[in-house]
1. Counting just the residues of segment 168-183 that are under 21 Å from the mean Cα position of the chain (by Cα) and part of a helix (DSSP H, G or I), which one comes out surrounded by the most Cβ atoms within 10 Å (Cβ to Cβ)?
2. Condition first: without any contact (Cβ under 8 Å) to a residue 12 or more places away in the chain and of a type outside the set (D, E, K, R). Now tell me which residues in segment 189-214 satisfy that.
3. Among the residues of segment 98-119, is there at least one that is more than 19 Å from the chain's Cα centre (by Cα), of a type in the set (D, E, K, R), in a helix (DSSP H, G or I) and at pLDDT below 80?
4. Just wondering, is there one or more residues in segment 227-246 that are assigned to a helix (DSSP H, G or I), of a type outside the set (F, W, Y) and within 21 Å of K100 (Cα to Cα)?
5. For segment 277-313, which residues satisfy the criterion of being among the basic types (K, R) and either over 26 Å from the mean Cα position of the chain (by Cα) or assigned to a helix (DSSP H, G or I) (or both)?
6. Of all the residues that make up segment 206-224, how many are in a helix (DSSP H, G or I) and either touching a strand residue (DSSP E or B) at 6+ places or on another chain (Cβ under 6 Å) or more than 20 Å from M105 (Cβ to Cβ) (or both)?
7. When you scan segment 257-264, do you find a residue that is under 18 Å from H351 (Cβ atoms), assigned to a helix (DSSP H, G or I) and under 27 Å from the mean Cα position of the chain (by Cα), even just one?
8. Can you tell me which of A277, A307, A302 is closer than 23 Å to K341 by Cα and among the small types (G, A, S)?
Amino acid sequence: MGSARSLRRLGTPNDGGPGPSAPREAVCGVPGKRAVAPAYFENVRRVAIALSLLVAGVAEQAGAEVIDMPSQPTPDPDRGNFWRDMLWPHKDEVDMILVKVRQLMQNTDMGLYADYDPTGTERVRFFRSAYGPLKHARKLAPDNLEVLRLLGHVADEQGKTREAIEALQAAIDIAGPDKVGADVTGRLGVIYLRLGKLDDAIRYLRTAQGPIVPGQPLTAHVLVHLANALSARGQMSEAIDVLANAVPDNLQYYANEIALVSFALAVQYDRDEQRGAAFDILDHMQTTLQGQIASIGLPALATMRFAPAEDRHYYYGLLYEAAGHLTEARAEFALYAAAGKLPYRRRALEHVTGIDALRKNPPPDSLLSPATYAPRLRRRPMPTP
């Protein structure tokens, strides 16, 4: 009865609504079915609008404030790292040690290019301070390749050769010689070269061989050491090819790494009695660098650890000779010749003889001639009493 009365209020036969006398078929068109007239929906819509306006007015009168929904919290990056915590429980501590050690390594490399540490005392102190944390980091993460690489580097710089070989070899066993990186295989090859194991040295240096990368001195060191190892085994032509193929043609600028490889190529030509080829390289470097071959070559050679160590005197002697510092060049070649039975002792003595002859009878237009080089003394008049 209540629903029928509501329908009578909402619609009448006069306004098209379903009145009491309206048949069912006339309302919905289906026999036996009762339908609602469109006027009913219109009345419901009007009632809903009125209620919404009433609620809005009441809220405005009450001074209610609209509260924004809170933002979603940012996800925690460490949440859900169960397996990481299980496999690497000390990852944060190891990462902090690696960051500090890398900063120390940068300071040691800067000391090689500057003059504030000529004796290398600060460099040794930096490596000594990095050795202990790296040993602790290896105990925490024995399979971390970065820890093994840095530990091998620091141990090698401190003269702990066995420990350096063990750390570098462990890194190679974990990742393989082709994926461990040139830092590991190259340094291990250099260590074997210093120990006199030429076959092992050449094998690892060949694995680390690659293009010269400016800002990465080890890429140049690997090529120079590989050439020295090949020349020590009597393969001078292959040693020259290693360096010649790495130097670009028509260079307009010499970075430290490219200058080192180019100068090492000149040294190999000089040792192989190809004096014309060595002179062409040194002349091109002197011209391109505008007479600053010594200022570029000395910092590049300072980063090298020669094997054998006596090669340092030969490299420095040829550099001083190319720069025109004949006194220093003669001293370096004399030290190389006096070091013992070295393979290029005879060639070093030839340099000493040539420098002595040039200083004794310099050309007329040379800077060594007395007319242009000897200082002129002016006699002051005797003071009158």
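The values are calculated or read from the model by the stated rules, or taken from the named source; none is laboratory data. Please read all numbers here as calculations on a predicted model, not as lab measurements. Note: ideal-geometry Cβ built from the backbone for every residue, glycine included; neighbour counts use all protein chains shown.
1. Filtering first and then ranking leaves L168.
2. G196, the sole residue that qualifies.
3. Within segment 98-119 (the criterion being more than 19 Å from the chain's Cα centre (by Cα), of a type in the set (D, E, K, R), in a helix (DSSP H, G or I) and at pLDDT below 80), the answer is no, since none of the residues qualifies.
4. Within segment 227-246, none of the residues are assigned to a helix (DSSP H, G or I), of a type outside the set (F, W, Y) and within 21 Å of K100 (Cα to Cα).
5. R312
6. Going through segment 206-224 one residue at a time, the tally reaches 4.
7. Among the residues of segment 257-264, at least one is under 18 Å from H351 (Cβ atoms), assigned to a helix (DSSP H, G or I) and under 27 Å from the mean Cα position of the chain (by Cα), which makes the answer yes.
8. Exactly one of A277, A307, A302 is closer than 23 Å to K341 by Cα and among the small types (G, A, S), namely A307.
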